[in-house]
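K.L.:
Structure provided below as structure tokens; questions to follow.
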Amino acid sequence: MADIKIIDDFHKISDKRGNGVLRREVWQDARGRITRYNLAYINHHLHHGDNGRVVGYDNAHGYHHRHYFRQVEAIDFINFEDIEIRFQEDWIALRGKP
């Protein structure tokens, strides 16, 4: 059985609150385990490379990693909830940057 996309969110952040877009995609298997995820803060005013992705977390290409201004680094994976917290902290810290 194929994985099912359980979250497919696209949220525009107002210019007053920092501008940009939050993108969240999450898939799970039949047992309810998260198998794939893509979390991204996109803001073309802060970064023009990587399709505007300023910071993001995903597990594409067979490993868990973080994108930060086009730099990609492997990360230790504890659980998906931890990844969501890291992502939240990262994009909130960045949203007010000029």
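K.L.:
Only one of these is out of contact with any Pro (no Cβ under 6 Å at 6 or more places or on another chain), among the hydrophobic types (A, V, I, L, M, F, W, C) and surrounded by fewer than 16 Cβ atoms within 10 Å (Cβ to Cβ): ILE75, ILE42. Name it.
P.N.:
Just one listed residue meets the conditions, ILE75.
K.L.:
Ok, one more. From the residues in the range 9-27 that are more than 16 Å from ASN59 (Cα to Cα) and at pLDDT 90 or above, which one is nearest to the chain's Cα centre (by Cα)?
P.N.:
The extreme case among them is LEU22.
K.L.:
Would you kindly identify the strands (runs of 3 or more DSSP E) lying entirely within the range 1-83 that contain at least 2 residues that are β-branched (Val, Ile, Thr)?
P.N.:
4-12, 21-28, 34-42, 53-58
K.L.:
In this structure, is ASN19 within 18 Å of ALA93 (Cβ to Cβ) and surrounded by 11 or more Cβ atoms within 10 Å (Cβ to Cβ)?
P.N.:
Yes, satisfied.
The values are calculated or read from the model by the stated rules, or taken from the named source; none is laboratory data. Since the model is a prediction, treat every value here as computed from it, not as a measurement. Please note: Cβ atoms are built from the backbone with ideal geometry, for glycine as well, and neighbour counts cover all protein chains shown.
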